[in-house]
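The next block holds one structure in the form of structure tokens; read it before the comments.
The numbers here are math on the coordinates, done by the rules we state, and not lab data. Here the structure is a predicted model, which means the values were calculated and not measured. With ideal geometry, Cβ positions are generated from the backbone for all residues, glycine too; neighbour counts draw on all protein chains shown.
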Amino acid sequence: MSILRRFWPGTHTGKPGNTILSPVRGTPPGERDTRAAINELSQAVRNDPDAVEIYLALGNLFRSQGEIERAVQIRSNLIVRPGLDDKFKARAYFELGHDYKRGGFMDRAMQSFEQARKLGGETEELLRAMARLYAETGSFQNAASLYGKLDHRIAQAHYLVRHAEELYDAGAVSDSKKLLHKALKVYSGSVEAWLALISLATTDREWRKTGLLLTQALGSVAPSMRFLLLEGMLSFSPSKVEATKESKGEFTANLCEAVMPALEAQAPDLILQYYGALFLLRCGNPEEANAWLAKTMVLSPDFWAARLELLGLSMDDQPLSPVFRNHLAFFVEQAKQVKRFVCSSCGIRRSHTFYVCPRCRSWHSAAFRITLQD
């Protein structure tokens, strides 16, 4: 099983400016403003054919409207213009790459970016665009290389891990492990790399090593990100092939025995206490789990997730009528569907963990919602 997948998300053929778009009734105000700007720029291009900046801006407006063919036509007309300065031609190729990417033509997008690099050099903006394109098309090794040039260590380490995953799936286990250690040299706080190494240790049934790696990871990863380690480990389970060697219960018991000493050795921490309780519940130890959850209440009485677990544990000890118990169980189950994770940069809430925010694209910005107001 993969080392990360165990826890691991009208044709226009004329020259630019020949067509003036008319506002359409019923068009949203924002779109009407964009089309009005397109009309004005089209007029300006018609009156001053050498206005390269206007050409580029007009192409961007067409792209924002989803009119990719028009945007591509504008860039193409600029690129073939005789005597055009290389810096403008490089910008035209750069924007053309974004046009093709928006249209889903990834190979053409990369070719355009490469032309922009030849003409204008490796600007930060271009390298970032190329790195993202490599990542989105599954070329993780190239993505890691470019993020390295940008000195974006978190992203570089992330894609080294993704490439290690490919090597592992191809049977190159030794090379995969070397790459994971390289990722940690690039960025010692890489949650992805630590989790992948821990996953490999559990796959090999090296339980002592699992505990040691977790202890090292808890000391290296930013405290605000440590929940990602434990959330990922909660999803660990033997594959169908591995399950023939031992029962799932035995695997879970061994995992808990590796995890709990590492958590007990840490200073009191709300999130670590909570996840320790979850592991204890998974191991079938509700009494000790209850004690760990009670500690979270001392640290933060408003921690809703721990209160929810405590409520679930106390239900069996209360003399409730069958009807009331059924209703209460329903609401507890519904409450568990609350989106537990939030981006600390833009505030988007998600049900699953993430390493890069799907909305604002910030890296390692995931946080656990301590209160429901977060």
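A full extension of the chain between Lys149 and Glu114 corresponds to an added length of 11.0 nm, given 0.36 nm per residue minus the alpha carbon distance. For Gln337 and Thr123, a Förster radius of 35 Å and the Cβ-Cβ distance give a FRET efficiency of 0.20, rounded to the nearest 0.05.
Would you mind computing Rg(Cα) / (2.2 N^0.38 Å) for the stretch 155-220, counting N as its residues? The stretch 155-220 yields a ratio of 1.02. Averaging the Cα positions of each part gives two centres, and for the stretch 290-304 and the stretch 102-164 these lie 44 Å apart.
Applying both filters, DSSP loop and at most 12 other Cβ atoms within 10 Å, to the GluC sites (Glu not before Pro) of the stretch 130-190 eliminates every site.
Let me know the shape class of the stretch 260-304, please: from the alpha-carbon gyration tensor, a ≥ b ≥ c as square roots of the eigenvalues, rounded when a/c is under 1.5, otherwise prolate if a/b is greater than b/c, or oblate.
On the way: a/c = 2.13, a/b = 1.23, b/c = 1.73.
Here the stretch 260-304 falls in the oblate category.
Contact order, relative form, for the stretch 86-149: 28 percent (alpha carbon pairs under 8 Å, 6 or more residues apart, mean separation divided by residue count). Computed about its Cα centre, the charge dipole of the stretch 248-289 is approximately 180 debye, with only Lys, Arg, Asp and Glu carrying charge at their Cβ. Residues whose amide H comes within less than 5 Å of that of His364, counting only those at least five positions distant or on another chain, are Val356, Cys357 (H built at 1.01 Å from N in the peptide plane). Distance between the 7 Å Cα→Cβ label points at Phe330 and Leu212: 5.3 nm.
Can you tell me how much longer the chain between Ser237 and Phe105 gets when fully stretched, taken as 0.36 nm per residue apart minus their C-alpha distance, in nm with one decimal?
Values: separation 132, 0.36 × 132 = 47.52 nm, distance 3.88 nm.
Length difference between fully extended and current span is 43.6 nm.
When ranked by the protection proxy of mean other Cβ atoms within 10 Å per residue, highest first, what sequence do the peptides 127-134, 345-352, 146-153, 91-98 form?
Numbers: 127-134: 20.4, 345-352: 13.2, 146-153: 17.6, 91-98: 23.6.
By packing density, highest mean first, the sequence is 91-98, 127-134, 146-153, 345-352.
Of the residues Tyr55, Tyr93, Met110, the one whose Cα sits farthest towards the positive end of the charge dipole of the stretch 49-119 is Met110 (charges of +1 on Lys and Arg Cβ, -1 on Asp and Glu Cβ, taken about the Cα centre). What you get for the stretch 109-208, charging only the Cβ of Lys and Arg (+1) and of Asp and Glu (-1), is a dipole of about 260 debye around the Cα centre. For the stretch 276-291, backbone nitrogen atoms closer than 19 Å to the point 7 Å from Ser247 Cα along Cα-to-C-beta are found at 280-286. Go ahead and run the numbers for FRET between Ser220 and Trp363, Cβ-Cβ distance against an R0 of 25 Å, rounding to 0.05. The calculated FRET efficiency here is 0.90.
About the centre of its Cα atoms, the stretch 154-279 shows a dipole size close to 240 debye [charges on the beta carbon of Lys, Arg (+1) and Asp, Glu (-1) only; nearest 20 debye]. Between Lys87 and Ser344, residue separation times 0.36 nm minus the direct Cα-Cα distance comes to 88.7 nm.
Suppose we take every Cα in the stretch 56-150 and form the convex hull; what volume per residue is that in Å³?
83 Å³
Evaluate the relative contact order of the stretch 90-219 (contact order divided by residue number), counting alpha-carbon pairs under 8 angstrom at least 6 apart; express in whole percent. The normalised contact order for the stretch 90-219 reaches 14 percent.
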